[in-house]
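J.: Could you have a look at this structure, given as C-alpha cells, before my questions?
The values are calculated or read from the model by the stated rules, or taken from the named source; none is laboratory data. On a predicted model such as this, the values are computed, not experimentally measured, just so you know. Cβ atoms come from the backbone with ideal geometry, glycine included; neighbour counts cover every protein chain shown. Note: accessible area is taken over every heavy atom of the protein model, side chains too, but ligands, DNA and RNA are not part of it. Shrake-Rupley method; radii C 1.70, N 1.55, O 1.52, S 1.80 Å.
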Amino acid sequence: MLRRGQEAQPEDEVTPDEEIKDPFVLEFLNLRDEYSEADLEDALIRQLEQFLLELGGDFAYVGRQRRLRIGNEWYRLDLLFFHRRLRCLVVIDLKLGKFTHADAGQMHLYLNYAREHWTKPGENPPVGLILCTHKDEAVARYALEGLPNAVLTSEYRLALPDEQTLAAELQRERRELERRAKRGADR
C-alpha cells in the first residue's frame, strides 16, 4: 500500500487553474493611486519574497523583462517563473487596467515562443498569467476559451477589500458552491 501510494496517479495531476489563485493581494508593495507597469514590476522585484508567497508554493523566479525576437520585432515579457509542481514555465504579463482580448493575443504569442525556445525536454508547455486590475468574466471567457495554450487571468488588488465587500464576496461564493453542489447532486 505504501509503494502504491508513492506512485503518481492520474487524479493527482494538478491544473494551472488549481495552482494559480485569483485575485492576488499586493498591498505589501505600498503603491499609491498612480503608478506605471514599470513601477508595479519594480515593486514586485523589490518585494520578491512576499510576491512568491502570494503566488503560492512551488514558484521559482527565472527573470524579468525577458527579451524575445519574433520576425523583425523585439518584445519583452514582464516576469518569468517556473512552477515546480506543474513542471512548466509561467509567463506573467502585468496590466494596469482591465483585461482585453488583445492581452490574450499578446500572451499567446509569448507562450508559443517560450514553448519553442525556452522549454526544456520533459517540461510541460508554458502557462500564461495576465495580472490585471479588473477582468470581465465574459470577455476573459471568449478571449481565452479554446486557445491551445493555457492562459489565465487574475485580478490583483493593492489592498484588502473593506469588511462589507469581503462579507458580500463570501456570500456570493457560498451561493455559487451550493449551486454547483445541487447541480452535481441532480446529475
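J.: Taking region 152-187 only, how many residues are β-branched (Val, Ile, Thr) and either open to solvent by 100 Å² or more (accessible area, probe 1.4 Å) or free of Cβ contacts under 8 Å to residues at least 60 places away in the same chain (or both)?
T.: Residues that pass the stated criteria total 1.
J.: Quick one: which helices (runs of 4 or more DSSP H) sit completely within region 13-110 and have at least 1 residues that are touching a His at 6+ places or on another chain (Cβ under 7 Å)?
T.: Answer list for region 13-110: 16-19.
J.: Let me ask something else about it. Which one of these does residue 63 not meet: (1) over 17 Å from the mean Cα position of the chain (by Cα); (2) among the small types (Gly, Ala, Ser); (3) over 25 Å from residue 160 (Cα atoms)?
T.: (1)
J.: Would it be correct to say that residue 89 is in contact with a strand residue (DSSP E or B) (Cβ under 7 Å, 6 or more places away or on another chain) and either on the phi < 0 side of the Ramachandran plot or modelled with pLDDT under 90 (or both)?
T.: yes
J.: Continuing with this model, one more query. Which members of region 111-155 meet the condition of being farther than 22 Å from residue 59 by Cβ, of a type in the set (Gly, Ala, Ser) and part of a loop (DSSP other than H, G, I, E, B)?
T.: 146
J.: Shifting gears a bit: How many residues are closer than 22 Å to residue 19 by Cβ and exposed (fewer than 11 other Cβ atoms within 10 Å of the Cβ) when one looks only at region 122-140?
T.: Selection size over region 122-140: 2.
J.: Here's a follow-up. Cβ-Cβ under 8 Å, sequence separation 6+ or interchain: first residue in region 101-118 and farther than 10 Å from residue 77 by Cα, partner surrounded by fewer than 13 Cβ atoms within 10 Å (Cβ to Cβ) and not polar (S, T, N, Q). Which pairs?
T.: Qualifying pairs under 8 Å: 101/142; 109/70; 113/70.
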